[in-house]
Amino acid sequence: MTGGRTGVWLIGAHGSVATSAVCGAAALHAGLVEPVGCVTERPEFAVAGLPAYPDLVFGGHDVVDTPIEKRAEQLADGGVLPHRLVEQVRGELRAAEAEIRPGYERTGAGTQLAAAERLAADLLRFRERHGLARVVVINVSSTEPPYQPGPEAVSLDALRGALRGGATGLLPPSSLYAWAAFSAGCPYVDFTPSVGARLPALAELAAERGLPWAGNDGKTGETLVKATLAPMFASRALRVRSWSGVNLLGGGDGATLADPEVARSKLASKGLGVSQVLGYPVPGPLHIDNVPDLGEWKTAWDHVSFEGFLGTRMTLQFTWAGCDSALAAPLVLDLARLVARAHEVGRSGPLGALGFFFKDPVGAVTHSLEAQHAQLVEWAPGLGAGAGAADSGRAR
Ligand SMILES: NC(=O)c1ccc[n+]([C@@H]2O[C@H](COP(=O)([O-])OP(=O)(O)OC[C@H]3O[C@@H](n4cnc5c(N)ncnc54)[C@H](O)[C@@H]3O)[C@@H](O)[C@H]2O)c1
């Protein structure tokens, strides 16, 4: 990377994923851990010109005050991070904490335009204070319930008009953060299933400012396995009759998803891939249940009923027990590095080649993990050669 240091601004900076990402970047920088789980540390990305871990500067927004140091200690108590590592990176945690600002709460007073201007000002001041070449905004805050956009969201002019007219509850927080990011000239990545930048008006704003964006909903567990197994059934011409999944999780994410309305957002993004890969509808219930006792660990049990030659019925079952934050944090760092580099070389619009990282990838056509990986590797080293046309061509 030639263009100076990169800011990584985390929406939900006091959460598990954000805290693990900040700890992880510091630990990688100090050589305290191996880059296990870090996709962009694989040899195929060596020539991609990505920013190095020491060149990442962290800040963010959150609506709770629990300092990131305290959150890291809680994660260590829960067995996610070694206590020793938290001690070793305490300085970096304090530096990040000094850059965390109060986030946007929908219930707050004032217009959404005023709120967005304050959020954008936080980003601009962060960039200025540290002399950063760019700031990538990554949403790792609590998942929101599904959002039905109104007519204001269909064009930038309409949305600008509504916001300037004093709207107070028009956009969900994730979209207001995307608005603030684009207004401040920052790329935006959504690691959650929330709507974020996926509104025509916001896509227009990103295009107007020449900014790249990516999302949605990090693919870290059950869906990662599904994206690997579904193409196998397709290429072997086996017929999947049903695919059912049960997800048990705890932590902050589990508590948020205990609300059935919020869970609808997650279930929608989790349910997308299999039918798309197979090319026909595949029935089967998908459940998410909050089990506080599991903390940061998530267990998924999937039952796949399929049919072979002569109509013979068979089943596949798998159990995945993953530590959510340990799986997600390195991907957040990967995305920060890739999107920063895309911005540096002048890429804009939805980055479909990053579909490998997401359950519901914007600008991408396939849900097959292997195909997504091939696309990412082809795109990343050059981050250019023809990829601009390809990105806009693939946009949904
Ligand atoms: N961990 C994974 O494997 C994984 C995979 C895919 C997606 N995600 C998504 O990542 C997000 C974060 O997960 P987590 O486990 O860190 O959750 P968490 O509950 O630990 O953290 C979420 C943080 O967001 C903050 N927040 C809530 N509303 C906010 C707002 N309006 N502005 C700013 N901050 C706000 C909360 O205060 C909290 O600190 C969730 O949406 C989750 O669905 C996680």
Cβ-Cβ under 7 Å, sequence separation 6+ or interchain: first residue in segment 1-30 and closer than 17 Å to Ala120 by Cα, partner among the hydroxyl-bearing types (Ser, Thr, Tyr) and open to solvent by less than 20 Å² (accessible area, probe 1.4 Å). Which pairs? Ile11/Tyr177
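Here's the yes/no breakdown for (1) more than 23 Å from Gly271 (Cα to Cα); (2) among the aliphatic types (A, V, I, L, M):
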residue	(1), (2)
Arg125	yes, no
Asn139	no, no
Leu159	yes, yes
Pro187	yes, no
Pro212	yes, no
Exactly one condition in (1) out of contact with any Phe, Trp or Tyr (no Cβ under 8 Å at 6 or more places or on another chain); (2) under 30 Å from Ala255 (Cα atoms) is not met by Glu152; state its number. (2)
Within segment 112-147, how many residues are away from the ligand (no atom under 12 Å from the Cβ), under 25 Å from Gly252 (Cα atoms) and of a type in the set (A, V, I, L, M, F, W, C)? 1
Please enumerate the residues belonging to segment 24-80 that are surrounded by fewer than 21 Cβ atoms within 10 Å (Cβ to Cβ) and of a type in the set (Lys, Arg). Arg42, Lys70
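Go through Asp253, Asp259 for me and flag whichever is among the acidic types (Asp, Glu), closer than 26 Å to Tyr147 by Cα and away from the ligand (no atom under 11 Å from the Cβ). Spell out how you get there, then give the answer.
Numbers: Asp253 fails: away from the ligand (no atom under 11 Å from the Cβ).
Checking each option against the conditions leaves just Asp259.
Tally up the residues in segment 20-51 that are acidic (Asp, Glu) and under 21 Å from the mean Cα position of the chain (by Cα), please. Can you show your working first?
Our first condition is that a residue be acidic (Asp, Glu); within segment 20-51, this holds for 34, 41, 44.
Right, trim to under 21 Å from the mean Cα position of the chain (by Cα) and you get 41.
Within segment 20-51, residues that are acidic (Asp, Glu) and under 21 Å from the mean Cα position of the chain (by Cα) number 1.
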Determine the pairs where a residue that is at pLDDT 50 or above, located within segment 367-396, has a partner that is among the acidic types (Asp, Glu) with Cβ atoms under 6 Å apart, the partner being 6 or more residues away or on another chain. Val377/Glu44
Check whether at least one residue in segment 60-78 is within 25 Å of Gly251 (Cβ to Cβ), in contact (Cβ under 8 Å) with a residue 60 or more places away in the chain, within 21 Å of the chain's Cα centre (by Cα) and part of a strand (DSSP E or B), and report yes or no. yes
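Looking only at residues that are part of a helix (DSSP H, G or I) and within 11 Å of the ligand (Cβ to nearest atom) in segment 4-39, which one is farthest from Arg71 (Cα to Cα)?
We begin by selecting, within segment 4-39, every residue part of a helix (DSSP H, G or I); these are 16-29, 39.
Filter once more, so that each one left must be within 11 Å of the ligand (Cβ to nearest atom): 16-21.
Numbers: Ser16: 7, Val17: 10, Ala18: 10, Thr19: 7, Ser20: 9, Ala21: 12 Å.
It comes out as Ala21.
Just checking, does segment 45-53 include any residue being of a type outside the set (A, V, I, L, M, F, W, C), assigned to a helix (DSSP H, G or I) and within 16 Å of the ligand (Cβ to nearest atom)? Spell out how you get there, then give the answer.
Taking segment 45-53 and keeping what is of a type outside the set (A, V, I, L, M, F, W, C), we get 49, 51, 53.
Right, trim to assigned to a helix (DSSP H, G or I) and you get 53.
Those still in the list that are within 16 Å of the ligand (Cβ to nearest atom) too: none.
No; the residues of segment 45-53 include none that is of a type outside the set (A, V, I, L, M, F, W, C), assigned to a helix (DSSP H, G or I) and within 16 Å of the ligand (Cβ to nearest atom).
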Which condition number does Arg118 fail, the rest of (1) open to solvent by 20 Å² or more (accessible area, probe 1.4 Å); (2) part of a loop (DSSP other than H, G, I, E, B) being met? (2)
Since Gly150 meets every condition but one in (1) over 23 Å from the mean Cα position of the chain (by Cα); (2) within 16 Å of the ligand (Cβ to nearest atom), which condition does it not meet? (2)
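Residue-by-condition table, conditions (1) crowded, with 24+ Cβ neighbours inside 10 Å; (2) in a loop (DSSP other than H, G, I, E, B); (3) assigned by TED's automatic domain parsing to the domain that holds Arg264:
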residue	(1), (2), (3)
Leu163	no, no, no
Thr168	no, yes, no
Leu171	yes, yes, no
Ala180	yes, no, no
Gly185	no, yes, no
Arg198	no, yes, no
Glu204	no, no, no
Ala207	no, no, no
Ala214	yes, no, no
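The values are calculated or read from the model by the stated rules, or taken from the named source; none is laboratory data. The shown structure was predicted, so the numbers you read here are calculated from the model rather than taken from an experiment. Cβ: placed from backbone, ideal geometry, glycine included. Neighbour counts: every protein chain shown. Calculation scope for accessible area: heavy atoms of the full protein, side chains included, ligands and nucleic acids excluded. Shrake-Rupley method; radii C 1.70, N 1.55, O 1.52, S 1.80 Å.
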